[in-house]
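Engineer: Quick one: this structure, given as structure tokens, is what I'll be asking you about.
The values are calculated or read from the model by the stated rules, or taken from the named source; none is laboratory data. Please read all numbers here as calculations on a predicted model, not as lab measurements. Methodologically, a virtual Cβ is constructed for each residue, glycine included, from the backbone with ideal geometry; neighbour enumeration extends over all protein chains shown. Quick note on the areas: whole protein, heavy atoms, side chains included, nothing else; ligands and nucleic acids left out. Shrake-Rupley method; radii C 1.70, N 1.55, O 1.52, S 1.80 Å.
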Amino acid sequence: MQYTTIYTSTLKWYDKHKRDLPWRRSTDIYSVWLSEVMLQQTQVKTAIPYYIKWLKNFKSVEDVARADIDVLLKVWEGLGFYSRCRNFHKACKIVVEKHGGKIPTSFDDFIALPGVGTYIANAVLSIACNTKLPAIDVNLKRVYARMLGLKNDTKRNNIRIHKYGFNLVQGARPGDFNQAVMDIGSQICHPSKPLCNVCPNKTYCKAYVSKKPYLYALQKKDKKTKTKKMIAALIMVDGKCVIEKRDDAGLLGGLWEFPTIETSATLDEDINTLFQSRFSKQITLIEKMGSVKHSYSHFKVDVDFYLFSGSQKLKSKKLFKWINIDEFDSYAFSKVNHKLKRIINND
């Protein structure tokens, strides 16, 4: 009985208060899938312009499958977590090659695609196909933990949360219900200062009854963020500079960058030796141009930027190109490299 009451009150609240988001204007499975990929570890307001731009350029799975990955990464540039883009590209190719261009709607076939985990599979299939699966993201997890009165982020409690969510989506509108709880989590059930008085389900929430709902946010202890020291090089010869392509695997995979080395070296002669060893003894350090800082999800970087001159006869284990500075915007770069580019523009 309680499940039915919570289900009804949640959807009633959602129909009146739901956020007007571009991906909610259609249940097309391609559009829904794209939105869930972009929303991983990304705020809604950040994802919206990228989502709109992407659909203008790539209207279907076939469009993505045919596109060059460098073109896709350029459109994705700035959104971060670039493995999402690479996996989406691989997945769309598989859909075209193995499924005739039709995105699979069975859980087993869909979750087998690159980059599709349990959350994305459940979210997409519940929203686009009305499949009765719980999409447990950070917001839903917090809402359900509070309703169940769970304080600790343990395997046992996660199983209880999933079972609870599964029981709640067994009505006729599982996708809407999942999205409704997402909205409650983002608009009402905040981690530190939940707005319990306007929650449609406070009567059934053990955290609310306790009068200390902030104790039930399942927050993990913050770890000290490590800072990595980097040196980036602007190697200029005859008005052109060197850019390198990062390996597909790992952070910022497939993006271009000014040659960069992780090192704690600070003396010009040591930095000069490092880059000569990597490229050629025919390049020479001229001067330090500036420094930038940037934060990623699990660490920070401090990057010093140095100007080099020399010869175009360089060797590198990575793919590299010589480009004019005004060609910079033709390639996909990380935010750090955009910051370094601003140093060049200001000189």
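Engineer: Kindly indicate whether any position in segment 125-142 is open to solvent by less than 10 Å² (accessible area, probe 1.4 Å) and more than 25 Å from ARG25 (Cα to Cα). Explain how you work it out, then say what you get.
Structural biologist: Restricting attention to segment 125-142, the residues satisfying the condition of being open to solvent by less than 10 Å² (accessible area, probe 1.4 Å) are 125-126, 134-135, 140.
Okay, now just the ones that are also more than 25 Å from ARG25 (Cα to Cα), so none.
No, segment 125-142 contains no residue that is open to solvent by less than 10 Å² (accessible area, probe 1.4 Å) and more than 25 Å from ARG25 (Cα to Cα).
Engineer: Any residue that is within 28 Å of the chain's Cα centre (by Cα), buried (at least 16 other Cβ atoms within 10 Å of the Cβ) and under 16 Å from GLU77 (Cα atoms) - is there at least one of those in segment 312-328?
Structural biologist: Yes, the conditions are met somewhere in segment 312-328.
Engineer: Tell me, which helices (runs of 4 or more DSSP H) wholly within segment 3-79 include 2 or more residues that are open to solvent by less than 60 Å² (accessible area, probe 1.4 Å), under 30 Å from TYR164 (Cα atoms) and among the β-branched types (Val, Ile, Thr)? If you could, list the steps in order and put the result at the bottom.
Structural biologist: Working: elements: 29-39, 44-57, 61-66, 69-76.
In segment 3-79, the matching helices (runs of 4 or more DSSP H) lie at 29-39.
Engineer: Going by the structure shown, is VAL75 of a type in the set (Val, Ile, Thr), without any contact (Cβ under 8 Å) to a residue 40 or more places away in the chain and touching a helix residue (DSSP H, G or I) at 6+ places or on another chain (Cβ under 8 Å)?
Structural biologist: Numbers: of a type in the set (Val, Ile, Thr): yes; without any contact (Cβ under 8 Å) to a residue 40 or more places away in the chain: yes; touching a helix residue (DSSP H, G or I) at 6+ places or on another chain (Cβ under 8 Å): yes.
So VAL75 passes the test.
Engineer: Need the failing condition index for VAL292 against (1) in contact with a Lys or Arg (Cβ under 8 Å, 6 or more places away or on another chain); (2) in contact (Cβ under 8 Å) with a residue 60 or more places away in the chain; (3) under 27 Å from SER83 (Cα atoms), just the number.
Structural biologist: (2)
Engineer: Consider segment 158-168. How many of its residues are open to solvent by less than 60 Å² (accessible area, probe 1.4 Å) and without any contact (Cβ under 8 Å) to a residue 60 or more places away in the chain? Explain how you work it out, then say what you get.
Structural biologist: From segment 158-168, those open to solvent by less than 60 Å² (accessible area, probe 1.4 Å) are 158, 161, 164-165, 167-168; that's our starting set.
Then drop every residue that is not without any contact (Cβ under 8 Å) to a residue 60 or more places away in the chain, which leaves 158, 161, 164-165.
Final tally of qualifying residues: 4.
Engineer: Separate question: Suppose the filter is closer than 20 Å to GLN43 by Cα and among the small types (Gly, Ala, Ser); does GLY101 pass it? I'd like the intermediate steps shown before the answer.
Structural biologist: Values: closer than 20 Å to GLN43 by Cα: no; among the small types (Gly, Ala, Ser): yes.
So GLY101 fails the test.
Engineer: Please state which one of ALA180, ALA233, ALA207 is surrounded by 18 or more Cβ atoms within 10 Å (Cβ to Cβ) and closer than 30 Å to GLN276 by Cα. First the steps, then the outcome.
Structural biologist: Working: ALA180 fails: closer than 30 Å to GLN276 by Cα; ALA207 fails: closer than 30 Å to GLN276 by Cα.
Checking each option against the conditions leaves just ALA233.
Engineer: Here is a follow-up. Tally time: how many residues in segment 48-87 are closer than 21 Å to TYR331 by Cβ and among the small types (Gly, Ala, Ser)?
Structural biologist: So the count comes out to 4.
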